[in-house]
Amino acid sequence: MAQAYTPGLTITKSTILRKDRILPLKGEVVVKVGDKVTADDNVAKTDLPGDVIAINIGNKLGVPPSDVLSKMQKKEGEKIKKDEPLAISKSFFGFFKNIVKSPITGTVENISSITGQVLLREPPVPITVKAFIDGVVSKVYENEGVQIENKSAYIQGIFGIGGEITGEIKVLVDGPDAELLPEQIDTSCKDKIIVGGSMVRLPAIKKAIQVNAKGIVIGGIDDQDLKDLLGYDIGVAITGHEEIGLTLVLTEGFGPIKMAAKTYEILKEFEGYKTSMHGKTQIRAGVMRPEIIIPIPFKEEELKAKEKEISGLKIGSIIRIIREPHFGEIFKVTGLPEELVVVESETKVRVLTAKMEDGIEITVPRANVEAIED
């Protein structure tokens, strides 16, 4: 029997998590298998090549390209300081000198006798990769990075902006349907990941930035507020590189949407726990979701659990509707009929039936839902 793939979000109080932490290019891994690490520990490092600056020495000295090499004061591979003579041309029996000084501190990368150009490279930029989560190093990818394992409460969001952060969870609302208001945010939120309910508006986000909160977890946001916050429309892109002063993760979508009760309950239960979070989101070509990771105590033998397999929908599965008119609402699957059904667009699709807690039952195309995986 054919089975349609249904995208899913993981929301769970306890899972064995494995995260790869990889350098952008080959470098040095500074930890070994079995090492315990915290989120802020460096696990790998490398040097990014500096920018290249091109200078046409032939033009500046007024000599043909073939003469450039003889005018150079530095050879390929030699270091040079800013304003140090790079090339000198003498004229009128040596009484007059035309000097080209280096605009940067760096290295002479290349000297061309064909074009008369000299390439200078700025110093390399050292970068490090942090562990991001507390855990144990389970694998080392030589010269590339590591895999870190831990046991965590784990929540995937729908959408996010902002980079990787760590901070303690602080819940500011009494329930998953409550809006996060500016007056609820004060100096006690400094360095915290603050949790709201159904909605956050621009004034509350600005207040959170003002008090130096690390992040916000919320059900939804108005798309105009998001545009005003960023100063531009997001479009279809990878997010997570925005520098707005905090990281924002939406658990449900856009507009005022009640946070899923399970999500809120997990965040409430682990209030005060150190948490790692990022807003990286990619919709196309390899889905990437924002993540909220709350490390919890574990024994190392627990980390031997197998990777969880992706399963299809079944009776009792919890789903979120991702199309109107029930966008963002949570249902439980009550039926998975095999026969195709003609919908409003006059196309035949496979559907499911689902019920809300209040008893409302609907029939919806399977393509319009995503599973919430434990």
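We did not get these values from a lab; they are worked out from the coordinates using the rules stated. These numbers come from a predicted model, not from an experiment. Neighbour counts run over all protein chains shown; Cβ positions are idealised from the backbone, glycine included.
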Item to check | Over the stretch 318-373: Rg over Rh, Cα atoms, Kirkwood Rh | outcome: 0.95
Checklist entry - Any idea which of Ile114, Ile169, Asn150 is furthest toward the positive side of the dipole for the stretch 77-193, if Lys and Arg beta-carbons carry +1 and Asp and Glu beta-carbons -1? => result Ile114
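Treat the count of other C-beta atoms within 10 Å as a stand-in for reagent exposure and order Thr347, Thr107 from fewest to most.
Lowest count first: Thr347, Thr107.
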Item to check | Contour minus Cα-Cα distance for Lys348 and Lys299 (0.36 nm per residue) | outcome: 12.6 nm
Item to check | Rounded FRET efficiency, nearest 0.05, which uses the C-beta distance separating Glu370 from Val341 and R0 of 30 Å | outcome: 0.95
Checklist entry - Which of His241, His326, His278 comes first, and how do the rest follow, when ranked by fewest Cβ neighbours within 10 Å? => result His241, His326, His278
Item to check | Proportion of all alpha-carbon pairs of the chain beyond 36 Å (%) | outcome: 43 percent
Checklist entry - Between their Cα atoms, which of Lys32/Lys274; Lys32/Lys280; Lys26/Lys206; Lys32/Lys207 are more than 30 Å away from each other? => result Lys26/Lys206; Lys32/Lys207
Checklist entry - Suppose every K and R has +1 on its Cβ and every D and E has -1 on its Cβ; what is the size of the dipole of the stretch 236-279 about the Cα centre, in Debye to the nearest 20? => result 140 debye
Checklist entry - Convex hull over the alpha-carbon atoms of the stretch 99-203: what's its volume per residue in Å³? => result 267 Å³
Checklist entry - So, with +1 on the Cβ of K and R and -1 on the Cβ of D and E, and no other charges, what is the size of the charge dipole of the chain about its Cα centre, to the nearest 20 debye? => result 1540 debye
Next on the checklist: Can you compute the modelled spin-label distance between Lys314 and Ser70, with each label point 7 Å from Cα toward Cβ, in nm?
Outcome noted: 8.4 nm
Next on the checklist: Given axes a ≥ b ≥ c from the Cα gyration tensor, I'd like to know whether the stretch 52-121 is rounded (a/c under 1.5), prolate (a/b larger than b/c) or oblate.
Outcome noted: oblate
Checklist outcome for this item: Most exposed to least, judged by fewest other Cβ atoms within 10 Å, Val287, Val369, Val211 sort to Val287, Val211, Val369
Checklist entry - Say R0 is 22 Å: what FRET efficiency, to the nearest 0.05, do Ser14 and Tyr141 get from their beta-carbon distance? => result 0.25
Checklist entry - What is the extension gain from Thr363 to Glu84, computed as 0.36 nm multiplied by their sequence separation minus the C-alpha to C-alpha distance, in nm to one decimal? => result 92.9 nm
Checklist entry - For the chain, the longest stretch holding no chymotrypsin sites (Phe, Trp or Tyr not before Pro) located in a DSSP loop with at most 12 other Cβ atoms within 10 Å is which? => result 233-374
Checklist outcome for this item: So for the stretch 208-275, using the alpha carbon gyration tensor with a ≥ b ≥ c as root eigenvalues (a/c under 1.5 gives rounded; past that, a/b versus b/c decides prolate or oblate), I'd call it oblate
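For the stretch 119-163, which GluC sites (Glu not before Pro) are both in a DSSP coil and crowded by at most 11 other Cβ atoms within 10 Å? Show your work: numbers first, answer last.
Working: sites: Glu142, Glu144, Glu149; in loops: Glu142, Glu144.
Sites meeting the loop and neighbour criteria: Glu142.
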Next on the checklist: At most 14 other C-beta atoms within 10 Å and a DSSP loop state: those are the exposed trypsin sites (Lys or Arg not before Pro) I care about. Give me the longest piece of the chain that has none.
Outcome noted: 83-189
Checklist entry - Tell me, how many Å apart are the Cα centres for the stretch 241-305 and for the stretch 199-222? => result 15 Å
Next on the checklist: With a 10 Å cut-off between alpha carbons and a GNM built on the chain, which of Ile193, Ile216, Ile315 moves the most?
Outcome noted: Ile315
Checklist entry - Assigning unit charges at the beta carbon (Lys, Arg +1; Asp, Glu -1) and nothing else, what dipole magnitude in debye, to the nearest 20, does the stretch 52-121 show about its Cα centre? => result 180 debye
Checklist entry - Under the rule of -39500 (n - 2.57) per DSSP H run of 4 or more residues, summed and divided by the residues of the chain, what mean residue ellipticity at 222 nm is obtained, to the nearest 500 deg cm²/dmol? => result -2500 deg cm²/dmol
Item to check | Stretch gain in nm, segment Leu48-Val211, where the contour uses 0.36 nm per residue and the Cα spacing is subtracted | outcome: 55.3 nm
